[in-house]
Amino acid sequence: MSNRLAGKVALITGGTSGIGAATAQLFVNEGAQVVITGRSVEKGQALAETLGQNATYHEADITQEEAIRDSIEFTTETHGKLDVLFNNAGGPVGAPLEKLTQDHIDYGVRLLLSGAILGTKYAVEPMKASGGGCIINNSSIAGLRYRQGDLLYSALKAALTHYTRMAGIELGEHNIRVNSISPGAIATPIFWGGSERANTLTDEENERKMNKLQQSLARSVPLLKTGVADDIAEAALYLASDAGRFVTCHDLVVDGGRTSMFHEPS
């Protein structure tokens with residue numbers, strides 16, 4: 001532990017599992033006070049208890065504006081400030097083009113785009129008050145390249161990456177850095193139905209699925225290894241820490257080289 005986030009307060013949305021939980025663990029290890037938000041109360045409370053006194057769970061659904069506002073207010077009221085916001089919450093949202101409905105689109109926009117935009121909106125005031133801050137948006141290589149996600153998901157991630165750059169320009173004068181991370185195929189339960197589906201399976205079943213997934217994903221990248229949640233957490237740590245103090249409007253791709261391949265893996 002190097003205490004790279006000592007004295008900082010971070011809010012992580014979608015923090016109860018996968019990339020969010022791994023990032024919460026790393027941020028706490030590096031000295032931050034961390035607020036975890038998500039819809040799964042049982043998992044959130046259990047994770048916060050495991051992480052210790054420097055972690056707190058707050059129930060929030062980022063598809064609802066009032067929940068986003070309340071989570072920012074909870075963080076600042078509890079810790080007196082907000083230094084880092086990781087807009088991490090997300091998940092599958094679409095369907096094949098011919099089967100897309102307005103409900104798919106509305107839900108997708110709320111989950112993958114407006115949640116981050118509104119999170120930024122409500123984070124600006126407390127960050128300005130403390131002289132600056134860092135906002136990280138979890139995007140995806142699906143927004144950069146064809147066939148990395150379904151049509152709606154990919155389009156919304158592309159919008160999120162571009163929004164990140166525009167917000168970084170607008171907020172730079174306030175010393176608020178805005179960056180995104182575009183993970184490649186990271187081995188998490190989202191591949192077999194998300195954390196809610198994983199909760200219905202036994203530990204043995206989840207482990208078997210994870211091992212099979214890791215073997216498959218390793219064959220799809222030049223490094224021939226599987227990306228895991230900790231890899232994205234480390235990227236978030238770099239951006240959130242003083243090591244990333246001169247980095248803004250940037251999309252950090254963490255994909256094992258997948259987006260540089262000319263052909264899809266067989």
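The values are calculated or read from the model by the stated rules, or taken from the named source; none is laboratory data. These numbers were taken from a predicted model, which means no experiment stands behind them. Backbone-built Cβ (ideal geometry, glycine too); neighbour counts: all protein chains shown.
The conditions of being closer than 19 Å to residue 69 by Cα and under 11 Å from the mean Cα position of the chain (by Cα) are not met by residue 23. Summed over segment 41-66, the residues that are out of contact with any helix residue (DSSP H, G or I) (no Cβ under 6 Å at 6 or more places or on another chain), surrounded by 19 or more Cβ atoms within 10 Å (Cβ to Cβ) and among the small types (Gly, Ala, Ser) give a count of 2. Of the strands (runs of 3 or more DSSP E) contained entirely in segment 1-92, those carrying at least 2 residues that are polar (S, T, N, Q) fall at 33-38.
In a residue-by-residue description of segment 110-128, the property of being outside any helix (DSSP H, G or I) and either farther than 25 Å from residue 234 by Cβ or at pLDDT 95 or above (or both) applies to no position.
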